[in-house]
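Report on the following structure.
Laboratory data are not the source of any read-out in this text; all were calculated from the coordinates shown. In this text, all values refer to a predicted model and were calculated from it rather than measured experimentally.
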Amino acid sequence: MSQLDDRYDFDWLPGFREMTACQEKEEEEAGKPQTEAKTPLLPPEELQQEEQSNWKDYEYMIRMLPAAAREVWAVVDAMLDQFEFEGSSMYVEYPDKNAVLKIVDAIYEKLKYYETEQMENKVDGTRGKNCYYLPPEERGVHTPFRHLILLIVCWNMAYRRQRYRRRKKIFPPM
């Protein structure tokens, strides 16, 4: 034992040996060292203010999107709500690209009228040239509209993943 360890010898405290033995047993079972730094918890009021501030910023960015992109965002948001649960594939360290592309395909099926209708804008009710329209022979997997959907899916997933990590730090599992 070094001199530093001697200064922090608490064996004289009643129950100290039992407590340390219990902690050592838990560490052996968990397989992690005792000197693990814990992140400080924010007070609930500050947490709520931070979440509201982040959400207002996110909503503002969504309002700046063109009408078609806002509709895509609404469908993406509803679709990703289904994946928001503990253990979801959306929250793994590296989400599977094929799973993300399946989500894109499902959203595209709901909104493919953007590529098929030449003069209709269903979002704001105006009639005009649809910038996403493509003749049937040019439609495929790599169209600008599919790329827009993929961008919004990734953007929305990134936001949800950050929010999930923030909440996990503040409310660690018991």
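Tabulated data for the structure shown
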item	result
Using θ = phi - 60° and Karplus 6.51 cos²θ - 1.76 cosθ + 1.60, couplings along the range 158-164 (whole Hz; Gly, Pro as x)	4, 4, 5, 5, 5, 4, 4
Hz values of 3J(HN,Hα) by residue in the range 54-62 - Karplus curve (6.51, -1.76, 1.60), Gly and Pro given as x	4, 5, 4, 5, 4, 4, 4, 4, 5
